[in-house]
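Bear in mind that the values in this text are calculations on the coordinates, not laboratory data. Being a predicted model, the structure only gives us computed values, none of them experimental. With ideal geometry, Cβ positions are generated from the backbone for all residues, glycine too; neighbour counts draw on all protein chains shown.
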Amino acid sequence: MSPVVETILFVFGLVALGYLAGLSGYLKTGVGDALTEFAVGVALPLLLFRTMVGADFQGSSPWALWAAYFAAAAITWSAAHLTMTRVFGRDSQIGVVGGFSSAYSNLVLLGIPFMLGVHGQAGFEVLSLLIAIHMPAMTMVSIILFDAFGHRKAGRIGAGEIFRAFTRRVLPNPLMIGILGGVLWRLTGIELPPLAVRLIDSLADIAGPLALFAMGLGLRKFSISGNILPSAVLSLLKLFVMPALALGAALLLDLPPMTAKVAVAAASLPSGVNSYLLAVQFGTGQGLASTQMTIATACAAVTTAFWLMVAQIVFG
């Protein structure tokens, strides 16, 4: 069995085990919330901290990586927005939710263990450059667009309130703290004490499997609730158009092979739960975001494997 196939089966197998544990009633969905909180609040930040302290980033230029990935995201977002508003006749605010859903990748709960399994530590170091700005940048754009397109409806939370909530959520975000803490420690040039290394390693090493199982268990809260056709189209944009655009941008910008493969793999990942949470906060498009995330996650085991093979053929 090839390493790529084995990693795909391992990653989505853990997600499936978590989902089955919830579906069978063996574990309550509240357990998934607790595991996710621990993974995102403790284990993954320590993994990112450790990576930032010791990474060499394979000579990667973050600007070229960011340009390739976010250019693909911007075009995909625009296509999704136009599809929702012009083809399906939804209002522009739901178009923002659809655009975010089709362009936002699950880089943390799914992307981190996935990249470690496929491309190892070198690939994860490149991915961490994306994680550092992915959630803040994408959420900020969604807020600006929602305000720009919005026709205020009675009872809806104002964009100013959303922006303040966003600021309160992003600044103390554990993932951001882990990244910034690792960068600051790296700048001091001081080596971590052996005991600190052992403590960090003990929690960072379980981050990937724990995040995947928690993600699967958490999926029990989401369902396919109407919006089948628009959600399928958004999933098509997310799983095929965005990685294709990332591949083209990587070729155009002549990214190093590892950086290019990470950009394509990251773009091919399904939407994260933040798309649903954003819809809840905006007060519109919750069913669309939930259905799209469920469909995309179910299909990603096949589509992500396809893009990994394509990237391997193109970039070696």
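Dipole of the chain, Cα-centred, from +1 at each Lys and Arg C-beta and -1 at each Asp and Glu C-beta, to the nearest 20 debye?
840 debye
So how do Met176, Met84 line up by other beta-carbon neighbours within 10 Å, fewest first?
Listed from fewest to most nearby Cβ atoms, that is Met176, Met84.
Taking Cα centroids, how far is the stretch 178-228 from the stretch 6-66 in Å?
That distance is 6 Å.
Helix 44-54 against the longest principal axis of the chain: what's the angle in degrees, Cα atoms only, rounded to the nearest 10?
50 degrees
So what J values fall out for the stretch 256-264 if you push phi through Karplus, 6.51 cos²θ - 1.76 cosθ + 1.60 with θ = phi - 60°, rounded to Hz, Gly and Pro as x?
My calculation for the stretch 256-264 gives x, x, 5, 4, 5, 5, 5, 4, 5 Hz in order.
Could you list Ser202, Ser128, Ser275 in order of exposure, starting from the residue whose Cβ has the fewest other Cβ atoms within 10 Å?
Ser202, Ser128, Ser275
Along the charge dipole of the chain, which of Ser102, Phe213, Leu288 sits closest to the positive end, that is, farthest toward it, with unit charges on the beta carbon of Lys, Arg, Asp and Glu (+1, +1, -1, -1)?
Leu288
How much length is gained if the chain between Ala196 and Asp147 is pulled fully straight, taking 0.36 nm per residue apart and subtracting their Cα-Cα distance, in nm to one decimal?
13.1 nm
Go ahead and run the numbers for FRET between Leu82 and Met140, Cβ-Cβ distance against an R0 of 25 Å, rounding to 0.05.
0.75
Among Ile179, Ile224, Ile131, which one moves the most in a GNM of the chain with springs linking Cα atoms closer than 10 Å?
Taking springs between Cα atoms under 10 Å, the residue moving most is Ile224.
Quickly estimate the mean residue ellipticity at 222 nm for the chain, helices only: each DSSP H run with n ≥ 4 gives -39500 (n - 2.57), and the total goes over all residues, rounded to 500.
-24500 deg cm²/dmol, from helical runs alone.
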